[in-house]
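This report concerns only the one structure given below.
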Amino acid sequence: VQINGGMSLNSVFTENWGEGATNPQPFSWIATGNINLTLFGVAMPFSFNYSNRKVQYSNPSFKFNRFALHPKYKAWTLHAGDLSTTFSPYTLNGFQYTGAGVEYNKGKWQAQILYGQFMKAVKEDSLITPSYRRLGWGTKAIYSTGGRKIGLSLFHAKDKAGSIPAPIRDKNAAIAPMEGTAFAVEGSYPVLKNLLVNFEYS
């Protein structure tokens, strides 16, 4: 059994100036940390970010307080909780979601699959931009050998139409349920000893 990790705690003081300014919560704190537990050869890392600010931000679909587990066994890694994943700079690129994914890395093969909620349902009001609940799934596989690599990824997301009432304010008239699929093909090839060509089509 092995346990290691770290934690940090930061505090920020904010003072608002000007006519009519208020300071309902001038002090905010942010706790971040990670714990790595290895039990009988199975690695179970846990990470977290937490702040007392909670819902005091303008984009409610963005989740600041995040918790995630990443247990690993041999070539397999399970990701569960509040996550972010990158398939390609042009398709799925670091979006936050709450869900789960499985990753496989062994020899010449790398593969991963994920599923989760990418946006939560937020009802319309005078201050907040509404959003439909968005669920998505994706998969990616890469084969590499001798400096040569070929990879393929696919991502699909869809808004749940009945997750919120249809927006009625003029400024939100263009907000409607959406659905889309993105795919990418990527690769690399060593042309010369010190020259590697990379390509991607998305």
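The values are calculated or read from the model by the stated rules, or taken from the named source; none is laboratory data. This structure is a prediction, so every number in the text was calculated from the model and none was measured. We place every Cβ from the backbone using ideal geometry, glycine too, and count neighbours over all the protein chains shown. SASA here: full protein model, heavy atoms, side chains in, ligands and nucleic acids out. Shrake-Rupley method; radii C 1.70, N 1.55, O 1.52, S 1.80 Å.
Brief remarks on what is shown
- Positions within region 95-134 being closer than 20 Å to residue 77 by Cβ, of a type in the set (D, E, K, R) and open to solvent by 70 Å² or more (accessible area, probe 1.4 Å), in sequence order: 106, 108
- In the set 200, 179, only one residue is surrounded by fewer than 16 Cβ atoms within 10 Å (Cβ to Cβ) and without any contact (Cβ under 8 Å) to a residue 24 or more places away in the chain; that residue is 179.
- Any hit, region 85-94, residues being of a type in the set (Phe, Trp, Tyr) and surrounded by fewer than 18 Cβ atoms within 10 Å (Cβ to Cβ): yes
Condition check ((1) small (Gly, Ala, Ser); (2) more than 22 Å from the chain's Cα centre (by Cα); (3) part of a loop (DSSP other than H, G, I, E, B)) across all residues:
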site	(1), (2), (3)
111	yes, no, no
117	no, no, no
129	no, no, yes
137	no, no, no
144	yes, yes, no
149	no, yes, no
153	yes, no, no
166	yes, yes, yes
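- Residues of region 157-170 satisfying the condition of being open to solvent by 100 Å² or more (accessible area, probe 1.4 Å) and touching a residue at least 24 places away in the same chain (Cβ under 8 Å): 158, 160, 168, 169
- Some residue of region 149-156 being in contact (Cβ under 8 Å) with a residue 60 or more places away in the chain, within 27 Å of residue 78 (Cα to Cα) and aromatic (Phe, Trp, Tyr): yes
- Among the criteria (1) outside any loop (DSSP other than H, G, I, E, B); (2) in contact with a Lys or Arg (Cβ under 8 Å, 6 or more places away or on another chain), the one residue 102 does not fulfil is (2).
Residue-by-condition table, conditions (1) modelled with pLDDT under 80; (2) surrounded by 11 or more Cβ atoms within 10 Å (Cβ to Cβ); (3) closer than 30 Å to residue 132 by Cβ:
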| position | (1), (2), (3) |
| --- | --- |
| 4 | no, no, no |
| 8 | no, no, no |
| 15 | yes, no, no |
| 22 | yes, no, no |
| 40 | yes, no, no |
| 49 | yes, yes, yes |
| 64 | yes, yes, yes |
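- Single residue of region 184-196 satisfying the filter (modelled with pLDDT of 95 or more and among the hydrophobic types (A, V, I, L, M, F, W, C)) that is most open to solvent (accessible area, probe 1.4 Å): 185
- Meets criteria (closer than 27 Å to residue 70 by Cα and without any contact (Cβ under 8 Å) to a residue 24 or more places away in the chain) for residue 115: yes
- Flag for residue 143 being at pLDDT 85 or above, of a type in the set (Ser, Thr, Tyr), in contact with a Phe, Trp or Tyr (Cβ under 9 Å, 6 or more places away or on another chain) and closer than 30 Å to residue 168 by Cα: no
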